[in-house]
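The values are calculated or read from the model by the stated rules, or taken from the named source; none is laboratory data. In this text the structure is predicted, and so the values were computed from the model without any measurement. Cβ: placed from backbone, ideal geometry, glycine included. Neighbour counts: every protein chain shown.
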Amino acid sequence: MSAGSRTVGILEQELADLRAQLLRHARHAVHDAWLAEDLVQETLIVVMQKDHTRRGDSTLLTWAVGILKHKVADWYRSPSRKRMVQLDTDDEQLEPAVQALHDSNGAYVDQVRAWQQPENREEVRQMMVVLLRCLDCLPKQTGRVFMMREWLGFETSEICQRAAISAENCRTILHRARTALRVCMQRDWITAKAKP
């Protein structure tokens, strides 16, 4: 199957579901629905243009969420808060990094984490569904601050600047978010795993 027909097939089957899942992620990370929609649309454009370059090491959703994450981070860091990002990479630059992952026998140098192993993907997918549901229960600003810290990797000072809050308030919000998510995940994840 050619890359072009593969892309059309993927888009026909998965684009609507992918868009909905990306919107959930984007709405947790940014404050306006229209902005979340714009970032998701930019992400979907990259997915359509670059699907033929995807190696298949991750699911389409995981790959697209990674692209979205960069779009959101770039938007937050942009002085004008709007920027297009090109994700072109040179395979020759990636080759040394890929080679460093394997030993002379072709085995992974570092053991593959359980959550990255194919047989555990369904469990990880189910856990992510529960986590997103729990994130939906957080107050809007709490969820946004949590996503800026944990998903985008922003430092406290950058979060304070972007969200116009004090460092102490940021720490309090993050503590409350983590506590609420832990309680929710323990309750809902245990319930989800117990179902046959």
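Count, please, the residues in the range 19-36 that happen to be over 15 Å from the mean Cα position of the chain (by Cα) and without any contact (Cβ under 8 Å) to a residue 60 or more places away in the chain. Steps first, answer last, please.
Within the range 19-36, the subset over 15 Å from the mean Cα position of the chain (by Cα) is 31-35.
Then keep just the ones that are without any contact (Cβ under 8 Å) to a residue 60 or more places away in the chain; that gives 32-35.
Result for the range 19-36: 4.
Quick one: is residue 172 at pLDDT 90 or above, surrounded by fewer than 15 Cβ atoms within 10 Å (Cβ to Cβ) and in a helix (DSSP H, G or I)? Step through it out loud before you land on a result.
On the way: at pLDDT 90 or above: yes; surrounded by fewer than 15 Cβ atoms within 10 Å (Cβ to Cβ): yes; in a helix (DSSP H, G or I): yes.
Criteria met by residue 172.
Suppose we keep only residues that are within 21 Å of residue 141 (Cβ to Cβ) and loosely packed, with under 14 Cβ neighbours inside 10 Å within the range 29-77. Which one would you say is modelled with the highest pLDDT?
34
Determine, yes or no, whether residue 163 is farther than 24 Å from residue 17 by Cβ, surrounded by 13 or more Cβ atoms within 10 Å (Cβ to Cβ) and hydrophobic (A, V, I, L, M, F, W, C). Even if it seems obvious, please write down each step before you answer.
Details: farther than 24 Å from residue 17 by Cβ: yes; surrounded by 13 or more Cβ atoms within 10 Å (Cβ to Cβ): yes; hydrophobic (A, V, I, L, M, F, W, C): yes.
Against the criterion (farther than 24 Å from residue 17 by Cβ, surrounded by 13 or more Cβ atoms within 10 Å (Cβ to Cβ) and hydrophobic (A, V, I, L, M, F, W, C)), residue 163 qualifies.
Filter the range 153-169 down to the residues that are in a helix (DSSP H, G or I) and over 21 Å from the mean Cα position of the chain (by Cα) and list them by number. I'd like the intermediate steps shown before the answer.
Pass one, the range 153-169, residues in a helix (DSSP H, G or I): 156-163, 167-169.
Those that are in a helix (DSSP H, G or I) and over 21 Å from the mean Cα position of the chain (by Cα): 157, 160, 161, 167, 168, 169.
Quick check on the range 122-150: of everything there that is of a type in the set (Lys, Arg) and over 21 Å from residue 171 (Cα atoms), which residue is surrounded by the fewest Cβ atoms within 10 Å (Cβ to Cβ)?
Going residue by residue through the range 122-150, those that are of a type in the set (Lys, Arg) are 125, 133, 140, 144, 149.
Keeping just the survivors that are over 21 Å from residue 171 (Cα atoms) gives 125, 133.
Working: 125: 12, 133: 14.
Residue satisfying both the conditions and the ranking: 125.
Hey, can you tell me all the residues within the range 78-88 that are modelled with pLDDT of 50 or more and either under 18 Å from residue 47 (Cα atoms) or touching a Phe, Trp or Tyr at 6+ places or on another chain (Cβ under 9 Å) (or both)?
Residues of the range 78-88 modelled with pLDDT of 50 or more: 78-81.
Result: 81, single match.
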